[in-house]
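Since the structure comes first, as structure tokens, the remarks are kept for the end.
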Amino acid sequence: MDSFLEKTRYSPGIVKTMDTRENPGLTVLRQVIPSTMRTEAVGGSLSIIAGEHEHILAPVWVGEGYPSDVQRALPGIRSGTADGVTPVVTGRRISIGSRQLLDDEDVSWADSAGFASIHTASGFLLSRLEPAKRRAERRPRWSASVAAAAEVILETHRREGAGANARLASIAEIADAARLSYSSTAKALTDFDEAGYTEKVGASRGPTAGRALRDPGALLSDWAARQSMNAGDRVQLHVPWREPQRSLELLNDVIGDSEWAVSGAVAAEQIAPFLTQTVDLGAYVAQGELHEIRRMLTAVPDVREVRSGGRIMLKTAEPHLFALAERSGGVPVAPAVRVYADLVHRGGRLEEAAEHLREVAIGF
């Protein structure tokens, strides 16, 4: 069986293989390799010629470069390495935590800031490091209330188009949008402060006191790593057609008056088109309504419930998600940050769609 890296070197996958513009990992490698060395792109890999020796690096793009991004890529790297090919984890910024994780796994890395730690079995060594301020080590416990507060903060930040260190809404406003108590929201924000996602600004008390979103990219990556459409109460339905538009029409006709929102690949096509073909449809429905919606849909001819492989997947969601949903083409679409999280967990081509969505519609 071909190894992971043999596949990524010669065919599309985690490492894109079209051209440098479409291959950010390959671009990162070209930037960190000294200009005195001759390099050549070979499929999705970079060949380095140093004297009589050739060293082949296969970039594995992980997006922002936070520990949760790296952890999603490591299983594929561990599955096998082609002879003479060295995997190199690449990202916009490989954080301190990610560097420690990769060092423990003995995996090479490089980032867009020009930092790198690359070592190959063929004898190529490259180290470009500098002391970096360590982010707080503590991470929040991702309870449902903490995740809801994070989603509201992230989606609001996206819609406002604000940059890093933008001031957050008040605790009361976030609590209202997330459908949480004031105390639960305050605790979540304290956790975010300790994790380095947010920080207090202004006076300690009074009208000028507040918080700023210090690191939206880190919060998005870490929150998304803990979201999955495959978790929780869900139903899969088989339909004989492959066109997701027909599935959308079915849901509109049958449950159009209920709270629901499409996510995954179909939602991504509404927000930031990227894929040339989609088949499956994922959608969220309100908690407490899944049983009745299942009954109504399976009463339709040619629609039946299946254990796996269904072309329609329904999952329950918290009330705040439907408040954040926006309509596109008459279809309620889940917030873009949730769509991103769902795509990341599907992997493969959908992970590429997630990166595209993050680049063009989220921005951090």
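Structural remarks
- Residues within the stretch 57-93 that are modelled with pLDDT under 90 and touching a Phe, Trp or Tyr at 6+ places or on another chain (Cβ under 7 Å), tallied: 4
- Residues satisfying the stated conditions in the stretch 272-303, i.e. touching a helix residue (DSSP H, G or I) at 6+ places or on another chain (Cβ under 6 Å), among the β-branched types (V, I, T) and either farther than 17 Å from P335 by Cα or part of a loop (DSSP other than H, G, I, E, B) (or both): T278, I293, V303
- Check on R311, of a type in the set (K, R) and open to solvent by 60 Å² or more (accessible area, probe 1.4 Å): no
- Some residue of the stretch 230-249 being modelled with pLDDT under 90, open to solvent by less than 20 Å² (accessible area, probe 1.4 Å) and part of a loop (DSSP other than H, G, I, E, B): no
- Residues in the stretch 329-348 that are closer than 13 Å to W260 by Cα and in contact with a strand residue (DSSP E or B) (Cβ under 9 Å, 6 or more places away or on another chain): V331, P332, V333, A334, P335.
- Qualifying residue in the stretch 125-136 (condition: open to solvent by 20 Å² or more (accessible area, probe 1.4 Å), part of a loop (DSSP other than H, G, I, E, B) and either touching a strand residue (DSSP E or B) at 6+ places or on another chain (Cβ under 9 Å) or on the phi > 0 side of the Ramachandran plot (or both)): yes
- With respect to the conditions (1) free of Cβ contacts under 8 Å to residues at least 60 places away in the same chain; (2) small (G, A, S); (3) open to solvent by 20 Å² or more (accessible area, probe 1.4 Å), A164 falls short on a single one, namely (1).
- Scanning the stretch 34-76 for residues that are in a strand (DSSP E or B), of a type in the set (S, T, Y) and open to solvent by 40 Å² or more (accessible area, probe 1.4 Å) returns a single hit, T39.
- As for the stretch 186-196, it holds no residue that is farther than 21 Å from R139 by Cα, more than 21 Å from the chain's Cα centre (by Cα) and open to solvent by 80 Å² or more (accessible area, probe 1.4 Å).
- Count of the stretch 182-198 residues which are part of a strand (DSSP E or B) and at pLDDT below 90: 0
- A Cβ distance below 6 Å, combined with a sequence gap of six or more or placement on separate chains, defines the contacts here; from the stretch 169-186, residues that are touching a residue at least 40 places away in the same chain (Cβ under 8 Å) reach residues that are open to solvent by less than 60 Å² (accessible area, probe 1.4 Å) and β-branched (V, I, T) in the pairs A177/V152; A178/V152; T185/I171; T185/I174.
- All conditions in (1) in a helix (DSSP H, G or I); (2) open to solvent by 40 Å² or more (accessible area, probe 1.4 Å); (3) modelled with pLDDT of 90 or more hold for A147, with the sole exception of (2).
- Top-ranked residue of the stretch 319-330 - restricted to ones that are closer than 23 Å to Q227 by Cα and out of contact with any helix residue (DSSP H, G or I) (no Cβ under 6 Å at 6 or more places or on another chain), ranked as most open to solvent (accessible area, probe 1.4 Å): R327
- A299 falls short of the stated requirement of being among the hydrophobic types (A, V, I, L, M, F, W, C) and in contact (Cβ under 8 Å) with a residue 12 or more places away in the chain.
- Given (1) open to solvent by less than 70 Å² (accessible area, probe 1.4 Å); (2) touching a residue at least 40 places away in the same chain (Cβ under 8 Å); (3) under 28 Å from the mean Cα position of the chain (by Cα), index of the condition I255 fails: (3)
The values are calculated or read from the model by the stated rules, or taken from the named source; none is laboratory data. Just so it is clear, the model here is predicted, and its values are computed rather than measured. As a convention, Cβ positions derive from the backbone with ideal geometry for all residues, glycine included, and neighbour counts pool all protein chains shown. All accessible areas refer to the heavy atoms of the entire protein, side chains included, with ligands and DNA or RNA removed. Shrake-Rupley method; radii C 1.70, N 1.55, O 1.52, S 1.80 Å.
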